[in-house]
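Working notes for the structure below.
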């Protein structure tokens with residue numbers, strides 16, 4: 001199980017990738033396909049065509065981690081986005097996705113704030129607070 005800070009953003013590829021790809025090919029996909037910087041420490045999640053394998057790419061100060069999981073039975077839920085080649089996930093959804101929980105049938109309780117925006121007293125831009 002991954003323990004993630006609230007500052008870490010998680011991006012999942014909408015389309016499948018060739019699972020012969022290693023770190024360098026996935027880096028090229030993040031840079032060229034997503035137009036993101038892989039050196040930020042954010043997580044980038046990739047699935048294979050059958051959706052029974054997942055790879056998670058992460059920068060860690062002096063090198064890349066490549067986490068991998070292969071299911072013996074079943075498949076991961078399909079990640080969909082309205083537009084673009086990637087979708088941003090929150091930590092709860094990533095955890096449910098990796099554990100096989102159907103995200104479409106789950107829901108947050110009424111009046112549960114997933115994200116809070118607080119305006120500064122001097123009128124500057126809002127600061128985002130995400131629950132730990």
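Coordinate-derived values only; no laboratory data. Note that the structure is predicted; figures quoted are calculated from it, not measured. When we count neighbours, we look across all protein chains shown, and the Cβ atoms used for this are built from the backbone with ideal geometry, even at glycine.
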Please arrange 55, 69, 104 by how many other C-beta atoms lie within 10 Å of their C-beta, fewest to most. 104, 69, 55
Using only alpha carbon positions, build the gyration tensor of the range 1-81, then give the equivalent ellipsoid semi-axes as the square roots of 5 times its eigenvalues, largest first, whole angstrom. 20, 15, 12
May I ask for the distance between the Cα centers of the range 1-38 and the range 57-101, given as a whole number of Å? 9
Mean separation of Cα pairs under 8 Å and 6+ residues apart, divided by the residue count of the range 6-85: what relative contact order is that in percent? 31
Calculated FRET value between residue 73 and residue 14, using beta carbons and R₀ = 30 Å, to 0.05: 0.80
What nm value, rounded to one decimal, do you get for the distance between residue 32 and residue 99 when each label is placed 7 Å out toward the C-beta? 3.8
